[in-house]
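*Asks:* Would you mind keeping the following structure in view while I ask a few things?
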Amino acid sequence: MKQETLRGDIEEMGQFQLGPSAELLSVAIRVKDRDKMIAFYRDIIGFSLKSEENALAIMGTDQHPEERFLLEESPRAQDYFGKTKKLHHLTLQVQSLAELAAIAARLAKVADQHYQIEVTDSVIEVKVVDPEENQWVICYQKKASDQVITSSEELVTEQTDASIRLAETIQFVSVALNVHDMEEEVAFLTTNMGLKNNSQEKTVHVPSVSFSVVANQVSDPTVKLASHEVIGLEFIKFRMDQKDLLALEENLVASSKDFFIDQKKTILTVYDSVGVEWWFEQSK
């Protein structure tokens, strides 16, 4: 699988930008076995289960009331294990070394759980695959005050507290998508959605938050399947004020892009070129 440079010009003067009030709220994954996936994300990654509503399991953090991650059960969806799906990987950033060490310690105790730890001068990453083959990168930006860690073996020690769970300061910082048509996806993200193209870093990012999109050019036809037909990444949800929501609606109308907005104009949803749903709701 080869990662390609995102094509398209840096946004020109006057081109629509996603409003500054936009903030990333949550990410949702369609799953086949909700109980198994809840157990993995609660007991290994460290999310807390907030509630279960119909097919949804709503997860967050112990100290924060809002949703951060959702599992949508869809038993009729196909798993396509071993195939290339829409999600390449999600990147979640934690703000403390103790959080990352606790995740690594819990992973180490699970038989047959595949994971990898990478340590650089500035970042430590734990790469892990969940029970339904969704790939995650959980990262931590090193601070000068941290203990010195130069190898994966130094991350988990006898003093590691494996009971530490995710704090409310976690952030989804990027999503990597597998796409068939790079230009079509970049056009959606920049022209329709108002994200900014950074061709040097091969990303498209949301101007108001630290969230970027990376695209990987693939040929596997599985990525073209409708999102309800296959498990994996389902939607990415943002929150914004009414002014910015209506500006997004106006831009999508001008771009002749199909989308949904409710009668009260508080929820807007639109699908990208690979069928991932981008969800925007009005802040309260």
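The values are calculated or read from the model by the stated rules, or taken from the named source; none is laboratory data. Remember, predicted model here, so these are calculated numbers, not experimental data. In this analysis, Cβ positions are derived from the backbone assuming ideal geometry, glycine residues included, and neighbour counts consider all displayed protein chains.
*Asks:* Could you tell me whether the stretch 172-190 includes any residue that is farther than 20 Å from SER273 by Cβ, surrounded by 15 or more Cβ atoms within 10 Å (Cβ to Cβ), touching a strand residue (DSSP E or B) at 6+ places or on another chain (Cβ under 7 Å) and in contact (Cβ under 8 Å) with a residue 24 or more places away in the chain?
*Replies:* Yes, some residue in the stretch 172-190 is farther than 20 Å from SER273 by Cβ, surrounded by 15 or more Cβ atoms within 10 Å (Cβ to Cβ), touching a strand residue (DSSP E or B) at 6+ places or on another chain (Cβ under 7 Å) and in contact (Cβ under 8 Å) with a residue 24 or more places away in the chain.
*Asks:* A follow-up question, please. Output the residues belonging to the stretch 35-63 that are buried (at least 17 other Cβ atoms within 10 Å of the Cβ), closer than 18 Å to GLN113 by Cα and out of contact with any helix residue (DSSP H, G or I) (no Cβ under 8 Å at 6 or more places or on another chain).
*Replies:* MET37, ILE38, PHE40, TYR41
*Asks:* Also, quick follow-up: When the residues of the stretch 108-126 are filtered to those that are under 18 Å from PHE47 (Cβ atoms) and not hydroxyl-bearing (Ser, Thr, Tyr), which remaining residue is surrounded by the most Cβ atoms within 10 Å (Cβ to Cβ)?
*Replies:* If we take residues in the stretch 108-126 being under 18 Å from PHE47 (Cβ atoms) and not hydroxyl-bearing (Ser, Thr, Tyr), then VAL126 is surrounded by the most Cβ atoms within 10 Å (Cβ to Cβ).
*Asks:* Right, next: How about the stretch 64-96: which of its residues are surrounded by 15 or more Cβ atoms within 10 Å (Cβ to Cβ), among the charged types (D, E, K, R) and out of contact with any helix residue (DSSP H, G or I) (no Cβ under 9 Å at 6 or more places or on another chain)?
*Replies:* GLU67, ARG68, ASP79
*Asks:* Also: Quick one: which strands (runs of 3 or more DSSP E) lie wholly within the stretch 191-281 and hold at least 2 residues that are surrounded by fewer than 20 Cβ atoms within 10 Å (Cβ to Cβ) and modelled with pLDDT of 95 or more?
*Replies:* 232-240, 267-271
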